[in-house]
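What follows is a short report on a single structure.
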Amino acid sequence: MFDPHLPHSAVIDQRVQESPGIFSLRLQYVDTHVQDIFEFQPGQFNMLSLFGVGEVPISIVSDPDDSHFFDHTIRVAGRVTEAMSRLQPGDRVGIRGPFGRGWPMAQAEGQDVVVVTGGLGCAPLVSVIRYLLRRRDRFGDIHIMQGVKHEDDLIWRRQYETWSREHGINVQLAADVPGKAWPWQQGLVTELINTLDLNLETTISMLCGPELMMLAAIAQLRDMGLADQQIWLSMERNMQCGFGQCGCCQVGPKFVCKDGPVFCYSEVADFLGAKGF
């Protein structure tokens, strides 16, 4: 059991520049015992720290069965992530975690799964997609919908192309501003939802991205007949401690770091998109 206050040192095994402002780090705990007992669920996050600079919450994007390493994809969005962007293989970071509640993978078994993401909101769901593909016989059809503002913002393009060739995988991508060779949808990712022919009795949806995008997606899914209990989403807030002590991420009675970041829509419907929350 990890002490939630105590960071452990992890070494960077690989670094991938995904786009000009987004990079991925493959990490491994320096202490092999810590690595051996480290477990997580898709949708959980770690607190990554750079000693003398600061700490940030970042989703885990690898599959839980990848026991020898774990991956984080990071957007440069401030002082800490800017400093982390200059790290190279062999450098070290501090890790506390994992924290939070992940996606309802047990509930999703036997169901068709609809994944809708916007921007880097795809990161908390890439772990889900990898989980589904590795255990393909336990799930129904998988619909993956990812939207970006500009074509150049799309990361993991090769992965989407690979996933789209898998049996029972429906990948649809959208860009507000596509290039001339963009082969997918021009416009909002939420416009793709209406193309789905859902079995309402056996479908679960998972959403992550800007709240306005998720609200639009939720409205469409509900109009199509999905119940609130079939709609799950990952929320993003200012998370400082990771386990509900500082209160920075509180939304109504919920702590996003502890009670989420994954919530059933029915749990947060009164607070999602509301001013002051």
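Bear in mind that the values in this text are calculations on the coordinates, not laboratory data. Everything numeric in this text was worked out from a predicted model, so none of it was measured. All Cβ positions, even for glycine, are placed from backbone atoms using ideal geometry, and neighbour counts span all protein chains on display.
I want the antiparallel fraction of DSSP beta bridges within the stretch 122-259, as a percent rounded to 5. Given both bridge residues lie in the stretch 122-259, the antiparallel proportion sits at roughly 10 percent.
When the Cα positions of 43, 85, 251 are compared along the charge dipole of the chain, 85 comes out farthest toward the positive end, with charges on each C-beta of Lys, Arg, Asp and Glu. Dipole orientation for the stretch 137-196: of the candidates 183, 147, 170, 183 has the Cα lying most toward the positive pole (charges on Cβ; Lys, Arg +1; Asp, Glu -1). Taking the Cα centre of the stretch 1-94 as reference, the dipole from Cβ charges on Lys and Arg (+1) and Asp and Glu (-1) amounts to some 480 debye. Let me have the 222 nm mean residue ellipticity of the chain computed from DSSP H runs of 4+ only, each contributing -39500 (n - 2.57), with the sum over all residues rounded to the nearest 500. Here the helix-only value at 222 nm equals -5500 deg cm²/dmol.
May I ask for the Rg/Rh ratio of the stretch 140-229, computed from Cα atoms with Rh as the Kirkwood radius, given to two decimals? Dividing the radius of gyration by the Kirkwood radius yields 0.96. Could you work out how far the C-alpha centroid of the stretch 29-75 sits from that of the stretch 207-277, in angstrom? Result: 23 Å between the Cα centres. A protection proxy built from the mean count of other Cβ atoms within 10 Å ranks the segments 251-263, 114-126, 18-30, most packed first, as 114-126, 251-263, 18-30. In degrees between 0 and 90, to the nearest 10, how far off the longest principal axis of the chain does helix 123-134 point, with axes built from Cα atoms? Relative to the chain, helix 123-134 is tipped by roughly 70 degrees.
Applying 1/(1 + (r/R0)^6) with r as the Cβ-Cβ distance of residue 215 and residue 264 and R0 = 22 angstrom yields a FRET efficiency of 0.90.
For the chain, a simple Cβ point-charge model (Lys and Arg +1, Asp and Glu -1, everything else neutral) yields a dipole of about 540 debye relative to the Cα centre. Here the extension length gained between residue 30 and residue 3 equals 8.1 nm, from 0.36 nm per residue of separation less the Cα-Cα distance.
For the stretch 105-263, the direction-averaged projected area of the alpha-carbon convex hull comes to 9.8 nm². Its Kirkwood hydrodynamic radius, worked out from the mean inverse distance over all distinct Cα pairs, puts the stretch 29-133 at 14.8 Å. On the basis of the beta-carbon distance and an R0 of 30 Å, residue 109 and residue 197 show a calculated FRET efficiency of 0.90.
Each DSSP beta bridge with both residues in the chain is either parallel or antiparallel, and the antiparallel ones are about 55%. In straight-distance terms, cross-link reach from residue 254 covers every one of the lysines whose alpha-carbon lies under 20 Å from its own, apart from those fewer than eight places away in the same chain; here that gives 275. Straight-distance candidates among the lysines for linking to residue 180, with alpha-carbon spacing under 25 Å and chain neighbours fewer than 8 residues away dropped: 149.
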